[in-house]
Each structure stands twice: as C-alpha cells, then as structure tokens.
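Coordinate-derived values only; no laboratory data. Keep in mind that this is a model prediction, so the values were computed, not measured. FYI the Cβ positions are ideal-geometry reconstructions off the backbone, even for glycines, and counts take in every protein chain you see.
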C-alpha cells in the first residue's frame, strides 16, 4: 500500500528512534511511504490556539501535498497529536466550502489546493494497522509473538477525543485499537487507569507540577497494574513519559523506572526486528528489561 | 421491555460504612435513560438511593454522574447504549469525580464547582452605563458566539471529567473558565483585560488546562469548555499581549515564531523562548528564565546522554525547504484585519454548504 | 433562628427577581430553595419573553392579546400592568447581561409566538428561561446581602397570633436538620404543580408546594381549574417542544397529511392560542385522524436549517436524545400535554395574598394575568414583573415592623409530622404508586376535554389517595439527603393541589380557556365570567367567587 507519509516534527527531533523504527517496520508491512519532506508542523493545537485560520491553512497545505502523491491511498501520520490537530483542521475545512476556498487561496502560490472529497483520509499508523492492514493479517506476519509481555497502552488524548471528530462514534473499536493490537502481537494488554488520560506534556512549560503529576501518576498506575512497559502512538506523550520520567518521580513521590515504547517499536519487535534497529537504546528510561524479555522469546 | 442491571455506588455517611456497590434490575425499553432506570429502582425497590434530578431533559443539570466510568447526565444517556458499553452488560453508576460525595450519587457541587464559578467574577461588569430606554447595541454574531458558553447548565460533568483537576484541585476548571469566556466574549463587559490578566497570571488559571479534550467529550450541551479556554488564551496573548509569569504567552509565541521561521518545530529553542516571552535572548538571559532553564537542565542532560539528541542536532535545526512558503502563509493570514474563526457550534454540523433552500 | 425582613421561598425567576428587588429596596433578604437555584424549572422556558418594545407595537395590543388569550377571565388591571412594565423589565434584564438575540443592526431581535398579533417575543436561542435564570443567579452571587439557603425544603408556613405571616419551617436537605425561619414577609415563588399529571412537561420538583402551604393556612386559591395542556409535547415522556418551533414557521399535520389547523383557526393557524391548538389536536386524535401512538406531527423541516440551528438548538437535542428523531429532516410526533397552571394563590397586583405578610409570585400565584389560558412567552414576563413587584412591596411594607417571633410549636409539629413518616413501617402502597395513580387519573379526567362524570371519578380517587397518603411509609430512615421523606411530603402537597383543581373544574359549568366541558361546550359569560376560589375550611374545601376586573375590553367571541 502506497501512502503519503507525514512523520511530524518530534519524530525527527527529540524522538528520532520513532522515525527510524517506522522506516524499518514499514517495508515488513508492505507499506510504501512517500515522505512529505516539504510539509510543515501541524501546529499541535498551539497554532490553532493562536490563530485558527493559520493552523487550518498550514494543515490544508500538508493535506494538499499528500493528495498530490500519485497513487497514494491516503496519508499516514505517526503522532497522536498530529492526528488530533490535523483532524480538527480537516473537520473545519470539510464542513464549509466557502471557508475552504478562503484557505485554499493562500495555497495558490504553490499550486496547491485541498480538495474535500469524503473518501480522502489521514490516519495514524495505529489506525492503518487496524483498518488498512487488519489485525488478522498482522497476526500472520508476527514472527516473534510478544507472549508473556505485559504492555500498558497509552493512547494520548488527541487520538481518542473528541470521539465524534475522530470517527470513534462510527467505529467504537478505534477506542480499543492499542489494546487489540497488543493482543494481536501476542502480548498482554494491561488494564490501568491512565490509558486514555493526559500525559501532561502540553503544560510542561506552563505548569510543571500539573504536567509531571499527570505523567507520574499514569506511570505509577501502570507499574501497579503489573506492566512491563508502556506503548504509545504519540511522541509528545513519550517525551513526558520517558524523557521526563526521572523528573516526574519527585512529583508522585515514588520510584518509577518503567520503559515506554513507541508504537512502531513494539510492532517491529513482533515482526522480528532487533531492539537496536528500533532505536531502543535511545530511551531515557532503559529498555534493557524489555530487550531481555524479547531476547528470551522464541522466534516463531 | 428489556432487562438491565444497574450497579450503583452507594454511600451513606451516617452508617459509618465505606461506599459499596449494589446491583438492581430494571425493565425499560432500551431508548429510555439511565435516570429512568434509577428512578424505577427508587420507585419499586429502594427509595433511599440519593440522586439529584429534576427536568429529565438535560436542561436543569442536576443528574451528573459517572456511567461506566464516563461522566455524563443520567437523563440523556440511553440505558440500552450504556448496557452495550458496560462490562458484561452491567451498567455502573457512581457519583461524579473531583468532588466530595455527600450521599450515594450526590456530590458536593458547592465545595468545588460553585466555588470555582465565583472565582471568575461571574457577572457582567458593564463597560458603560446602561443606555436610557434601550438595550446595548452589540453585533448579532457576538451574542451568538457567547451563546455557546451560555448554554452551560452547570451540571459539573466537565468538572468531574477534567484531567487537570484530577492532579491539581486548585485548577479553576473547565466550567468556570467557560463562564469566564462568556464575559470576555461579551462586548458589553468592560473588564476583559482585567479578567484575562487575572486568569493568565493565576498558576491554576487558563494555562493549567492540558488541552486533553475530556470536557469537550463529556459536555452534554456542546459548550466545549476547552475551546472557550483556548479562546481566552488567544485573547490574552494576541489581543491584550498579556505576558504572564506562567509562560503561557511565551509558549504560544515561542511555538508560532519557531514554526514561522523554520517550518517545523525547533525543539531546542522551545524551552528558552517559552521562558522568555517568545524571545530567545530574553529566555537565556532573564533571571526567571535562567532559573527555569536550570531546572530543566537535568532533563536536557538525560536527553543528550540517551543519544536521542545530539548537541549538533539540538542547536542546528534545519529550515524546511519551503520555509518561505510557510512564512508567506503566516504573513498573509496574520495581515487580516480580523481573525477568521469557524465555530461549528454556530454554523452547525452540516455546515453552510448543505443549507436547504 | 435565622431572621430576615423578607424571606423568599423558591429560587426560579420569580423568586430570584423578588429577592433582588427586595434587597435593592433595602430589606434583609433570605432565599430558600429545595434545589440549587439554577436547577429551577424556569430553565425549561424555551421560547422567550413577550414585551411590546418595538415602536410599531403597543402595550395595549399586547394586553388585548393577553385578555383574549385568557378567554376574558384574566384581570385586566393586572394584565395592563404586566404589559406596560414589560419593556422596562426586558431592558433591565438586557442591561444585567442576558444575551438576547440581536438583529443585523445589533438591536434586540424578535420572533412570533402563539396568540399574539405582533412578533414581540424576545429570546436567547431556545434557552431563554435558562439564560435569564443564570443571569439573575449571577446577580445573586454578586449581591451578598441576599442570603441563599440552597437545598432547603420548606414544609409549612407559620403565622403569629394575629394571623400575620411570621416565618416558615424548613428542612436542610443536606443534613436533615429542621429549622424555623423568622420573617416579616414571606414571598412564595415555588412554581407550578405539573407533577400531579403524568405525563407532564414539568420537572420532578414541580409539586405545588407553595400553593399547598398557602392553602393550608387559609389563603384562597383561584382559577385552579385552568390547567394548560401545551400543544407540542413528546408522547410518553411529556417533554416540551417549544412553541418557538411554530413561531419559526413549523406546521402541524394529522396522519392524513392534512394541515388541520386550517379548520380550527384559519387566520392564525398553528399560532392560535395554546388551548385552541391543543383542543384541535386532541379532536384530530380522538376522531381517528392521529397516528397510532395517539399523536399528530409537528414538521419543523420547513424552517431553514441554519435558522433551526441558531434558534431551535435545544429541541434538536431533545428530538435526537429523547425521541430518536432528527427534527431537521423529519416530522416529530407530538400531542397535547400538561404544562402549566394558570391558577394559584390568589393575589392582588402587588402579589399580596389574603394572609397578611404573605405574597406569591410566578406560577404558584394567580394575579390573574392568564385567566383561562396563558399565552406563550407571557409566563417569564409574569414571573419577572410580579416577582419584582412583590419584592418591592414586601420590602416597603415591612419597614418599621418588629422582628417576627414565630412560635416554636410549629417547628415541633413539623418535626413530629416528619418523624412519624420516617418511623412508620410500610404496610400500604408506596409513595411512587400513589403518585403514579394520581398522575394517570388527572391526565385521564382533568385534561383537554372534561365532563362531570369523569371529574367526579377523579375527585373520588384523589380523596382516596389523600387518605392513603396519610399512612405511607418510606425506605429511607436517615437524615442526610433523605429524598424519600421529602417525596412523601410532596405527595401530600400535590394531593391538595389536585383536589382544588378537580373541585374547581366540577364547579365551572361552562367551557372557557383551558377548561372544556363536553357537557357544557359553550362559554357562558352570563353565569361564569367570574373567578372560582377555593379555600381550606377544615378538611373540606370551600368554594367562592370573585369578579373579573374589566378595564377596557368587553368579552367578544374568540376566534383565531
């Protein structure tokens, strides 16, 4: 399947292991990714907070670039925040023709135009796995089932709320994909309170206490529920859950130390890739325990 | 008729016993509400179950509870749908979160919600004396715009669901901040700047919202409190240039400036610029900014040590090949006289294109 | 003992308006409500508030429409006051912050409403009552001089030896503590009694508490037979679809696709008075031209989508959430349903009842501005104008009066009465069963069409239920938030209301406004152009009459 691919900023910035692991995993899933290397930041909700039309125009530009990739089935992102911020803009652009025309005017100079045809989509890698590849087909490709691994799903707000905008009202299982995926890969999805809560990243510069209490609490809940690691489709969540994890400890007054995987890293492990190839050495919280478990897993 | 099981969280403060779960069976058509189910239990079996309720039509805002863990009004949650979402078909009903429980499903709204509402000076402070013998003349759009915030019925469902409140009980919270926007968006009010300044400077004010959409998701009246908070921020930063000590202004300016100049996020500059009202120089020299940078230093060092970030990458962020186009879009959009905002609450889900003749 | 100059019971629009007016006039004010004020049923007033504010309009026109709408039973002096004071009342609300709809020039926008000869209904989408209620509550929060007693349940009014009102006995719902409040004046603003009907548009709290409390201490009730059935309520649940829908142009159809109002009100069509439209619908249904579920159809799809979204948002939600119907794309089934009591505690134009120091305002009162039938969007106006007038008058009247000293005996009596209920072990039927039987009875016999036999049947049932209610037991034996025992008290209030309604309906042997007697199908001005009053005289209610005040409008034949 050919896809226009928007990696986002953070996957090429402070979580390079995310971008790298997608590059390794995609061929194993027969995904042909055409990277939108001229596209701009989604705005992460912050640009929309500053100026809605600006955010909508910047994302319309990305969508228009994706639409002009020949033969692409749609656009793929690898960041919950990109998904949410872009879906919000897309919702506005799709609903009003006059507004869309206004926005498209700013794209004319580049010969771009966003077309709202009901069929075009922008899906997170998680949704691609579930809806375009399918968990059944994925299961057949698993060479190293993650059996015995207890994995706590951490969705990130932007990919689960609001349910109406994200199509979860029509496809309620979208709210469950991460858990279903973990099981399809042979692992055990851990139930805990924090799966759909906020990592706190958006306020890390504005209210460090709120931010790190949130991150710390969810990590602690996952640990208490017996998880070996967390997995998230959102690199911003990853920053707060992994990069900031040592700092978060003091806000929940306990030791943490639980590894946090990026979604494609987890998929890559099950598809037989080695932790090193997936950049699992580039985490702040060491992934050694997970690596050891993986090493112990018999290759199927 | 269908049979449903309600698992209700009971709590009697007089008993000295902790809260417990009790199961009740009801028979109702699936399109009836969870509230109808609870009332049937009260009518037939146990009238001691306490729940505030009155209008049965999602207007009075009395019956906020958590159904299967989700904050909602009991009266506009269909019992059949709740059963589908409940574990093993059982519908759990418990009191709202983030507020103390008085008895069974009754929470202390006064101690949390109303206290926060009173925090935002919840009345109109007119900019000028009322005109003699006529109304204030204000644009129709402005009145429609604040109708979304006015639609709030103070049910507390967003307060219950708020993920910031969960970790910071002092957060002013979604409902009260939506109420604040109701005045900030009202052209008749004369205290816009003072209100915004107050809520921007409060460490538990508009910049304590983590933008998690929980309130947007649960609001039974489509008030979208988070969107109102974002509008408060937009007005605070862009209309009044309020440089708050919470870095709210700085964060927005830092982010937008970086995207404007590079096209993608230059993460290494986000922190210092956020601490310096958007300016890199200020963010590295101003004492308050330096202190915050120092606080962040261990994180930075850990990032470097993990190998995910190299000093070279941190310092030299490559511009997007098309950065000039991004810059042009910024210039064009921001040169408008007025910001264009498309509020789906106002234009409707179908949008204007589908307007019937 | 908490003491106030003026004590307001009920915190809907009438109560809050009264409290603010009394406070502004310098009185010390307490406001007691069994629910938090913003939960009050004024919330449910969707459509708007009438005022002849437009220079092309006149208060006389508004007054005449009201008089005609009342089927000439309204007191014209009171109606004149209400219509004259309407524009200022409206402007004052606007100045306080109500976000009334604007036209393109930024001036107040209007919509058409039933029974009105001009578009004079001002509104906030279809949440007008809520918007006003919240703005008044904002003012209450601002004026800390007004002491709020939120979630306190009033059980009985207390008089002094001379019969003057002295206070009220209440129960703090939060902890069950009984408290005697002293007051120089008490303003009842406790709303209507729709819960005696099933179904009803009214909220669960509308149990006629104030009407019954006043009645029990001897205040006469007036026009109680006049019960409004709203033309557009959802079958089964009884939820309201605003008259604003018809005001915006929606049509009514029977099952044969016929716009039947052509036959009943060829000029005003769907915007005839509510009694007229409800009777027309019920006739269609009774004669077999309704849908199998006993309804007719309201078609809102003729209203432009954008306008629906802007002005009728709430009923889109009600249709979707409670009937599973997208009203923007298909008609919705509706029927007449219990909505409003035109009658109530008889008052003068200052809200004074027959008991010295006791006032009533809003739906629990009968001034009478609505007579036999209330016009849509006149109820908000009634609550505000007469709420304010009561508050102002009470504040003025108590100046110089000594503190009241209500007797503790009444507190003890009420404590005993409640402990008896709580301590009783269950033998008879449950409160909910009695309430259900009452509701079905009233909706069957005391509805749009009535006759002697049915009304007598209803009276028998109501009196039997009153006896049963004396011995009901409750499940909840606790003190904190014991809603069960409050339900038992409310049931007794409701039964007093029901009895007054039924005996008044039996007494009025004619058809006027909301009272249509199939055995007396015509209006009879010679004998019945007068109010019927009911007073408690021991156990037996006593009937009397009072004249209708006429100023400038002689009764005419009423056509729309």
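Counting other Cβ atoms within 10 Å as a rough exposure proxy, the listed residues B:99, C:1, C:494 run C:1, B:99, C:494 from fewest neighbours to most.
Inter-part distance, the range B:224-292 to the range C:113-170, computed on C-alpha centroids, equals 46 Å. Taking every alpha-carbon pair under 8 Å whose residues sit at least 6 apart, the range C:507-560 reaches a relative contact order of 23 percent. Inter-chain neighbour count for A:277-287: the average number of beta-carbon atoms from partner chains within 10 Å of each residue's beta-carbon is 2. Other protein chain C-beta atoms within 10 Å of residue C-beta, averaged over B:163-171: 6.
The Cα atoms of the protein assembly as shown give a gyration tensor whose axes a ≥ b ≥ c have a/c of 1.5 or more with a/b greater than b/c, which makes the shape prolate.
Modelled spin-label separation between residue B:25 and residue C:530, with each label point placed 7 Å from Cα along the Cα-to-Cβ direction: 6.0 nm. Among B:53-61, C:275-283, the peptide with the highest mean count of other Cβ atoms within 10 Å heads the list, and the full ranking is B:53-61, C:275-283.
Would chain B count as rounded, prolate or oblate if I go by the C-alpha gyration tensor, calling it rounded below 1.5 in a/c and otherwise prolate when a/b exceeds b/c, oblate otherwise? Since a/c reaches 1.5 and a/b is larger than b/c, the shape of chain B is classed as prolate.
For the range A:244-273 versus the range C:338-404, the spacing of their alpha-carbon centroids is 67 Å. The residues A:213, B:87, when put in order of fewest to most other Cβ atoms within 10 Å, stand as B:87, A:213. On the basis of the beta-carbon distance and an R0 of 25 Å, residue C:464 and residue B:46 show a calculated FRET efficiency of 0.45. Ordering A:283, B:317 by the number of other Cβ atoms within 10 Å of each residue's own Cβ, fewest first, gives B:317, A:283.
Label zone of residue A:164 (point 7 Å out along Cα→Cβ, amide N under 17 Å): in the range A:83-126 this covers A:87-96. Once both axes come from the Cα atoms, what is the angle between helix C:274-286 and the longest principal axis of chain C, in degrees from 0 to 90, rounded to 10? With both axes taken from Cα atoms, the answer is about 70 degrees. Label reach from residue B:108 (point 7 Å along Cα→C-beta): in the range C:481-516, amide nitrogens under 20 Å belong to C:481-483.
Centre-to-centre separation between the Cα atoms of the range C:263-328 and those of the range A:193-241: 51 Å.
A Förster distance of 25 Å, applied to the separation of the beta-carbon atoms of residue A:32 and residue A:139, puts the FRET efficiency at 0.70. Angle, helix C:452-469 long axis vs. longest principal axis of chain C, Cα atoms, 0 to 90°, nearest 10? Relative to chain C, helix C:452-469 is tipped by roughly 30 degrees. Report, as an integer, the average count of C-beta atoms from other chains found within 10 Å of each Cβ along B:120-132. What the average comes to for B:120-132 is 3.
Taking B:320, B:177, B:271 in turn, the Gaussian network model of chain B (Cα-Cα springs below 10 Å) assigns the largest fluctuation to B:320. Distance between the modelled labels on residue B:315 and residue B:128, one decimal in nanometres: 5.8 nm (7 Å Cα→Cβ projection). A simple spin-label model places the labels of residue C:412 and residue C:551 5.0 nm from each other, with each point 7 Å out along Cα-to-Cβ. Once the C-beta distance of residue C:256 and residue C:302 is scaled by a Förster radius of 22 Å, the resulting FRET efficiency is 0.75 to the nearest 0.05. Backbone N atoms of the range A:195-227 closer than 18 Å to the 7 Å Cα→Cβ label point of residue A:255 belong to residues A:216-217, A:219-227.
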